[in-house]
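*Asks:* Just passing along the structure, written as structure tokens.
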Amino acid sequence: MTTKDKQIEFKEKVLKGLEKVYEKMVEFKKEKNTEIVIMKGDNIIKIKPE
């Protein structure tokens, strides 16, 4: 396995982990009935998960 292949594999694992964390965060926010706060440009936006 080349260094490039290892980097690609590592990137895929990181992205899968981030997706899982995102799903858990949305689930938690739904349970607690709280907003998700994000920053879009210079604006802070609050989103109510449905």
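*Asks:* In straight Cα distance, which aspartates and glutamates are under 15 Å from residue 20, not counting same-chain residues fewer than 8 positions off?
*Replies:* The reachable aspartates and glutamates, counting only those whose Cα sits under 15 Å from residue 20, are 12.
*Asks:* With every protein chain kept in the model, how would you rank 26, 14, 37 by accessible area, 1.4 Å probe, largest at the top?
*Replies:* Largest accessible area first, the residues go 37, 14, 26.
*Asks:* While we're on this one: Each residue of the range 38-46 in order: what ³J(HN,Hα) in whole Hz does its phi give by Karplus 6.51 cos²θ - 1.76 cosθ + 1.60, θ = phi - 60°, with x for Gly and Pro?
*Replies:* 10, 10, 10, x, 9, 9, 9, 10, 10
*Asks:* A follow-up question, please. Helix-derived [θ] at 222 nm for the chain: sum -39500 (n - 2.57) over DSSP H runs of at least 4, divide by residue count, nearest 500?
*Replies:* One gets -21500 deg cm²/dmol as the mean residue ellipticity at 222 nm.
*Asks:* Continuing with this model, one more query. Given a cut-off of under 8 Å on Cα pairs at least six residues apart, what relative contact order in percent is computed for the chain?
*Replies:* Relative contact order comes out at 24 percent.
*Asks:* Could I ask something else about it? So what is the accessible area of the chain per residue, in Å², with the probe set to 1.4 Å?
*Replies:* 99
The values are calculated or read from the model by the stated rules, or taken from the named source; none is laboratory data. As the structure is a prediction and not an experimental result, all values here were calculated from the model. Quick note on the areas: whole protein, heavy atoms, side chains included, nothing else; ligands and nucleic acids left out. Shrake-Rupley method; radii C 1.70, N 1.55, O 1.52, S 1.80 Å.
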